[in-house]
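The values are calculated or read from the model by the stated rules, or taken from the named source; none is laboratory data. Fair warning: this is a prediction, and the values are worked out from it, not measured in the lab. For neighbour counting, all protein chains shown are included, and Cβ atoms are generated from backbone atoms with ideal geometry for every residue, glycine included. Quick note on the areas: whole protein, heavy atoms, side chains included, nothing else; ligands and nucleic acids left out. Shrake-Rupley method; radii C 1.70, N 1.55, O 1.52, S 1.80 Å.
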Amino acid sequence: PAEKALQDRAAQMKQLLATIINTNRDMQLALWNDKLEFLGIKPALRELVTEFNTEHGITARISLPDEDPHYTREQGVALLRCVEEGLRNVAAHAGATEVDVILDDNEDEAMLTVRDNGSGAAKLEAAPAGCHGLRLLRERAHYLGGVLRVSAAAGKGTVLTVVLPKQAAGVSGA
C-alpha cells in the first residue's frame, strides 16, 4: 500500500505471522522424540528413565517386553507422555527414592505402569489446581480406547497405570 499507516500495519501482520510460525515450529520440535520416531518405544522409554535417574538422583528402573512391541504412532506417543508425566509427578510431589516403569504387552493390549515408593495420596492431592497433566493423559487414553488410573496410599507410594487396547487402534498383534 502507498499509505505509511497501511505499510506499518502490513509489516506488523507479517511479523506476527512469522512469530506464530516460529512458535509452532518450536513446539513441534519440543514434542518430537527422535528415538520414538526412528527406533521405537523401548529405546525412547529407556532413555527417558535413564535421564530421570541422572537428573533427579531417584533410583529409576525400567522393565520392557523382550520382543519389540508394535504400536501406532498415537499409542507410542501416549505411552511416552504417560511416563513423562508419571516421572514429573514423582519428582515434584512424591518424595520418592525409587520408581519403577513397567511396560507389559500382549496381543490384545499394552499396559504401562509407573510406580513409586513416595508419600502417596497426601502429596498427590496437594498438586497445584492448575496442573492438567493427568487429566489430559486420561483423555488421550480414552480417545485411544484405553483407560488411565492413578492410585495412591499415604506412605505407600503412587501407581499410575494406563491400558491401551491394540486392536481398537488398528495395531496387529504381530
Once you have the Cα-Cα distance between Thr23 and His56, take 0.36 nm times their residue separation minus that, and quote the gain in nm to one decimal. 9.0 nm
Chain lengthening between His70 and Val147 when straightened (0.36 nm per residue, less Cα-Cα): 25.8 nm
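Order the peptides 9-19, 49-59 from the highest to the lowest mean number of other Cβ atoms within 10 Å of their residues.
49-59, 9-19
Please give the per residue accessible area of segment 1-118, computed with a probe of 1.4 Å over protein heavy atoms only, in Å².
Each residue of segment 1-118 exposes 62 Å² on average to a 1.4 Å probe.
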Which value in nm describes the separation of the simple spin-label points at Glu107 and Asp8, placed 7 Å from the Cα toward the beta carbon? 7.1
